[in-house]
Amino acid sequence: MKTTRLIVLAAAAAPLLLPGAADAAVLTAIKPCYVSVPGTAPDTETIDLAGSGFTPNARVDIDIDGQRTVTGAPVDAAGTLATAAKAPFVAERDRPFTITATEQGAPAPAAVAESRVTALNVGIFPAVSPPTKKVRFRGRGFTAGGKVYAHYRFRGKTRKTVVFRTKGPCGKFKARKRQIPVKRARTGEWIVQFDHHKRFTETPEGVVVRLRILVERKIRF
């Protein structure tokens, strides 16, 4: 009988943006959910902030959840703001956050926007099971939406590609599928790459999660 041990290798993400409203000024082009990448090199997606209706030639401070992230971003002569800030970090699940844009010297924020941030992750439960048995897959952070492709690689070749469908702005999916979807899972190391691309590539654009599945032969005495 064969069993598997599941080991998370790495999650790499590529860049990804919040709705807003205030009085005269507004923040625009904000996505409903941003990605946070946990792991050995934690990172978060950049929020490209655009705004209009600000006082011409003013300077604007940007706070995220009450923490100053940008100081003195310039407003042009047309009252337009263009700046960038990092989304807050979360190690798991997702949560809402708030952006405020305040003109320097003003008593209150000129514009407020809200969004969410989610941790990029894929999990398989249980982590140890026969390799072709059905297990539960759960993922989040695939905010491009639509389909997520799981490319099963063994000895440098793609042996199978499985499709998951995401729901909601934070790109979540869950499903029960065979842990390794082949008739006979050979012993050794399998790499499963989750991304938004139908065909496997070593360096795909967008978010990527890679899992290592080690298939071992269990010897009975």
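The values are calculated or read from the model by the stated rules, or taken from the named source; none is laboratory data. This one's a predicted model, so the numbers in the text were calculated from it and none came from an experiment. Cβ placement follows ideal geometry from the backbone for every residue including glycine, while neighbour counts extend to all protein chains displayed. When the accessible area is computed, the model is the full protein with side chains, heavy atoms only, and any ligands, DNA or RNA have been set aside. Shrake-Rupley method; radii C 1.70, N 1.55, O 1.52, S 1.80 Å.
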Quick count over region 59-102, residues being acidic (Asp, Glu) and either open to solvent by 70 Å² or more (accessible area, probe 1.4 Å) or outside any strand (DSSP E or B) (or both), is 3
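Does Lys167 fit the bill of being within 13 Å of the chain's Cα centre (by Cα), open to solvent by 30 Å² or more (accessible area, probe 1.4 Å) and under 29 Å from Phe97 (Cβ atoms)?
no
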(1) out of contact with any Ser or Thr (no Cβ under 8 Å at 6 or more places or on another chain); (2) on the phi > 0 side of the Ramachandran plot all hold for Gly123 apart from (2)
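For region 41-57, name all the residues that are over 18 Å from Thr28 (Cα atoms) and in a loop (DSSP other than H, G, I, E, B).
Scanning region 41-57 gives Ala41, Pro42, Asn57.
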Inside region 58-95, the number of residues satisfying the requirement of being more than 17 Å from Ala25 (Cα to Cα) and acidic (Asp, Glu) is 3
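Quick check, is Ala150 surrounded by 16 or more Cβ atoms within 10 Å (Cβ to Cβ), closer than 21 Å to Ala119 by Cα and not aromatic (Phe, Trp, Tyr)? Step through it out loud before you land on a result.
Working: surrounded by 16 or more Cβ atoms within 10 Å (Cβ to Cβ): yes; closer than 21 Å to Ala119 by Cα: yes; not aromatic (Phe, Trp, Tyr): yes.
So Ala150 passes the test.
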